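Everything on this sheet refers to the single structure shown next.
The values are calculated or read from the model by the stated rules, or taken from the named source; none is laboratory data. Bear in mind the structure is a predicted one, so any value in this text is a computation, not a measurement. Quick reminder, even Gly has a Cβ in these numbers, built from the backbone with ideal geometry, and neighbours come from all protein chains shown.
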Amino acid sequence: MMDRSVPPFAPRRSLGRTGFVATRLGIGDLADRSVPFEQGVATARRALEAGLNVIDTAPGYESGYSEEIVGEAVRPFRERVFVVDKIDDLRSEVAPQVEASLRRLRMEAADAFVFHGVSAMADWERLAAPGGGLDQLDACRAAGKVRFRGVSSHHPDVLRAAIEAGACDVVLFAVGPWCDARYVDEILPLARAHGAGTICFKTFGAGKLLGDTSGYGRPLAPRPRGKVSSGGRTDDAAPAARPRLTVRECVHYTLTADPDVALLGLSFPNEQDAAFEAALDFRPLAPDDMAALRARAAAAIAGKGPCWWNPGA
């Protein structure tokens, strides 16, 4: 276990044009109603005490439970923490959603609100239209409810359109060993060129790269048993273990791609310690090593259900 007597993470660089100097790692979704509220708060504070200073939430994460946890957790650290919240309903009025989130957070303002899951061009065009979501969010900014705006998206084309329109102070998207190559090859450099901060998720492929899950700890459906093998034998033995990547490999892959912030799910102390150790031990990977991890990730994620962060997957 780490020596936690001294916070190991220090602010590293500006989160795009926001001017906020962010740590290399950020704290992702903490919502789990099976975990007591006080435990969720303590776990989030443990990461904040380690120095991390970006935290992400959304109203749809366990119906506001995540926002409540985040709001309470950051209270002693508020002046040094960048809080990202989301607008989940892309077709409804923005101001009531912002106000409801701020009530759950028990904050007067969040650092950023981003439109959540803008992964269809029609949704982006609706937000960008006169009087649409972007204009409504700007009105919230003028009222002092939020400082910065952006989008979270699972489609490189939408991200490109939003960044090129100058609409994003921050953008959230996938970067990891099993993610569409355009996120790294095109969207990261485009965001940097336009001054948009980059906060990237799916380092672990929703957990699929680390274990046998269809995502976020949900168990895979059992494999059929009694199947006749190619040799004519009925195989009733337990299925062989599937290939996996390690936390260290996944974290080093994302950090080599070098977004401003790698947003990791850090819901339990053991998850935090594994991620922290990997980040503190980080050295950039060579191109051949990155390619080898992508190949292994393809094997590790096979048969584990859709990867919604990759267009067409």
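Search segment 193-210 for residues being part of a loop (DSSP other than H, G, I, E, B), among the aliphatic types (A, V, I, L, M) and touching a helix residue (DSSP H, G or I) at 6+ places or on another chain (Cβ under 9 Å), and hand back the single one that is surrounded by the fewest Cβ atoms within 10 Å (Cβ to Cβ).
Checked segment 193-210; the qualifying residue surrounded by the fewest Cβ atoms within 10 Å (Cβ to Cβ) is 210.
Go through segment 25-39 and give me each residue that's in contact (Cβ under 8 Å) with a residue 40 or more places away in the chain, farther than 13 Å from residue 82 by Cβ and not β-branched (Val, Ile, Thr).
Selection gives 28, 29, 30, 32.
Using the structure shown, decide if residue 62 is at positive phi and assigned to a loop (DSSP other than H, G, I, E, B).
yes
Quick check on segment 162-169. Is at least one of its residues over 15 Å from the mean Cα position of the chain (by Cα), on the phi > 0 side of the Ramachandran plot and not acidic (Asp, Glu)?
Yes, segment 162-169 contains at least one residue that is over 15 Å from the mean Cα position of the chain (by Cα), on the phi > 0 side of the Ramachandran plot and not acidic (Asp, Glu).
I'd like the full set of residues that are farther than 15 Å from residue 56 by Cα, polar (S, T, N, Q) and not in a strand (DSSP E or B), limited to segment 6-27.
Answer for segment 6-27, where residues must be farther than 15 Å from residue 56 by Cα, polar (S, T, N, Q) and not in a strand (DSSP E or B): just 18.
Considering every residue within segment 28-35, establish whether at least one is among the hydrophobic types (A, V, I, L, M, F, W, C) and either closer than 18 Å to residue 112 by Cβ or not in a loop (DSSP other than H, G, I, E, B) (or both).
yes
Using the structure shown, decide if residue 167 is closer than 30 Å to residue 106 by Cβ, modelled with pLDDT under 95, small (Gly, Ala, Ser) and not in a strand (DSSP E or B).
Taking the combined requirement at face value, the residue satisfies it.
May I ask you to verify whether residue 98 is modelled with pLDDT of 95 or more, part of a strand (DSSP E or B), in contact with a helix residue (DSSP H, G or I) (Cβ under 7 Å, 6 or more places away or on another chain) and crowded, with 19+ Cβ neighbours inside 10 Å?
no
Residue-by-condition table, conditions (1) under 19 Å from the mean Cα position of the chain (by Cα); (2) more than 22 Å from residue 191 (Cβ to Cβ); (3) surrounded by fewer than 15 Cβ atoms within 10 Å (Cβ to Cβ); (4) modelled with pLDDT under 95:
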{"residue": "228", "(1), (2), (3), (4)": "no, yes, yes, yes"}
{"residue": "255", "(1), (2), (3), (4)": "yes, no, no, no"}
{"residue": "271", "(1), (2), (3), (4)": "yes, yes, no, yes"}
{"residue": "279", "(1), (2), (3), (4)": "yes, no, no, no"}
{"residue": "283", "(1), (2), (3), (4)": "no, yes, yes, no"}
{"residue": "288", "(1), (2), (3), (4)": "no, yes, yes, no"}
{"residue": "297", "(1), (2), (3), (4)": "yes, yes, no, no"}
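Looking at (1) within 20 Å of residue 311 (Cβ to Cβ); (2) at pLDDT below 95, which is the only condition residue 211 fails?
It is condition (1) that residue 211 fails.
Looking only at residues that are touching a residue at least 40 places away in the same chain (Cβ under 8 Å) and over 20 Å from residue 54 (Cα atoms) in segment 144-166, which one is surrounded by the fewest Cβ atoms within 10 Å (Cβ to Cβ)?
Once the filter is applied, the top-ranked residue is 157.
Residues checked against (1) in a helix (DSSP H, G or I); (2) surrounded by 20 or more Cβ atoms within 10 Å (Cβ to Cβ):
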| position | (1), (2) |
| --- | --- |
| 113 | no, yes |
| 122 | yes, no |
| 126 | yes, no |
| 131 | no, no |
| 141 | yes, no |
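Among 197, 217, which is the only one that is modelled with pLDDT of 95 or more and in contact with a Gly (Cβ under 7 Å, 6 or more places away or on another chain)?
Within the list 197, 217, the selection yields 197.
If residue 108 satisfies all but one of (1) among the acidic types (Asp, Glu); (2) within 18 Å of residue 53 (Cα to Cα); (3) part of a loop (DSSP other than H, G, I, E, B), what's the number of the condition it fails?
Only one criterion is unmet by residue 108, namely (2).
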